[in-house]
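The structure appears right after this line, and notes come after that.
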Amino acid sequence: MNRLSKHIVAALVLLVTFSLPAAAQDSALDSLFEQLKTAEPREASRISKEIELAWTRSGSATADLLLKRGRDALEAGDTRAAIEHFTALTDHAPDFAEGYHLRAMAYADSDMFGPALADIERALALNPRHYNAIASLGGILYHVESYAKAKQAFDLVLTLHPHHQEVEEILPMVEREIGGRDL
């Protein structure tokens, strides 16, 4: 990872860390996030699905169609088409965080980490509590072997969503990598 990328990643982690308390959020989502912090795993799964459903509501039929097409392409492994659909989505709805998050995932799947990081930064600027975007950041950091920063991102996810299954599964691997290296 080059020097510029390291600075970008550090800035992203700081952005997320410092923007969480100051973010103005919808009161219904505030309530769901409060419930999520203390929920048992099964209840946390239900609550997180409600939060994630709210994140997919764009308010635009066109944006919803582009979101669906992009997701379908991503699931089919057609990252080029996914990137095209998500780019059209972000052009159409530039304040819709989910479009940037999903395009970041498509970029990351294509090993295009610079654009992926830029989209995660944009998604988090729009929605600082987007724990899936933060988890995606952690995944990229893990992939590029920046384990300590990946752990910071994953720890932040768990402060928002204490039972985030993907993070719970990868965190022990990250901790093993950190433990096996001199920091």
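Values in this text are rule-based calculations from the coordinates and carry no lab data. No experiment lies behind these values; they were computed from the predicted model shown. We place every Cβ from the backbone using ideal geometry, glycine too, and count neighbours over all the protein chains shown.
Numerical summary
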item: Percentage relative contact order, the range 124-183, counting C-alpha pairs under 8 Å, at least six apart; result: 31
item: Total formal charge among the other residues, if their Cβ is under 14 angstrom from that of THR79, Lys/Arg +1 and Asp/Glu -1; result: -3
item: Residue-by-residue Karplus 3J(HN,Hα) for the range 84-97, coefficients 6.51, -1.76, 1.60, Hz, glycine and proline x; result: 4, 5, 5, 5, 4, 5, 5, 5, 6, 10, x, 9, 9, 4
item: Qualifying trypsin sites (Lys or Arg not before Pro) in the range 107-183, DSSP loop, other Cβ atoms within 10 Å at most 12; result: ARG181
item: Normalised contact order of the range 28-148, rounded percent, pairs of Cα under 8 Å and 6 or more residues apart; result: 15
item: Inter-part distance where the range 98-115 and the range 64-91 are each reduced to a Cα centre, Å; result: 11
item: Ellipsoid semi-axes in whole angstrom, largest first, where each is sqrt(5λ) of the Cα gyration tensor of the range 108-183; result: 20, 16, 10
item: Karplus (6.51, -1.76, 1.60) ³J(HN,Hα), θ = phi - 60°, over the range 122-131, in Hz, Gly and Pro reported as x; result: 5, 4, 6, 5, 7, 9, x, 9, 6, 4
item: Sum of side-chain charges, ALA104 neighbourhood, beta-carbon under 11 Å (Lys, Arg +1; Asp, Glu -1); result: -2
item: 14 Å beta-carbon shell around PRO115, net charge (K/R +1, D/E -1); result: -2
